[in-house]
Amino acid sequence: MLTDLEKDLLPPEELIMDGSASQSDFINGGVLMRRILEDNLPITADSQILEVGSAVGRIARQFVNRLSERGSYTGIEIMPALVEWCPHN
């Protein structure tokens, strides 16, 4: 079951353009990518993460409760509809 925060960070299906077939696939894909990153990179709560092609935050949402105040996530995206959705949600 999703928490309220996770529900708030879940984009509408029409904005999911990362190859996921559903919102469930979007969530599971994000979890898998976070695990791959954490298994292969020295990511800590204080890490500064840069993602190029961040879309609507499949990976970003995985770090919301994992980064400290010293840590940060920056996503770069060129598709206007995806960029507009993220800061409002």
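Details
- Helix axis angle, 23-40 relative to the chain longest principal axis, alpha carbon, degrees: 20
- Only protein heavy atoms count here; under a 1.4 Å probe, Thr74 has an accessible surface of about 70 Å².
- Sequence-separation-based contact order of the chain, relative, with Cα cut under 8 Å and 6+ spacing, percent: 29
- The length gained on full extension between Val31 and His88, counted as 0.36 nm times the residue separation minus their Cα-Cα distance, comes to 18.3 nm.
- The gain in end-to-end length when the Arg66 to Asp39 segment is fully stretched comes to 8.3 nm, 0.36 nm per residue minus the alpha carbon separation.
- Percent of alpha-carbon pairs separated by more than 17 Å within region 45-89: 30
- In a fully extended conformation the segment linking Leu50 and Ile78 would gain 8.6 nm over its present Cα-Cα distance, using 0.36 nm per residue.
- Histogram of C-alpha separations across the chain, 5 Å bin width, %: 3, 13, 25, 27, 20, 10, 2
The values are calculated or read from the model by the stated rules, or taken from the named source; none is laboratory data. Since the structure is predicted, the reported quantities are computational estimates derived from the model, not experimental observations. Heads up: the accessible areas ignore ligands, DNA and RNA and are worked out on the full protein's heavy atoms, side chains in. Shrake-Rupley method; radii C 1.70, N 1.55, O 1.52, S 1.80 Å.
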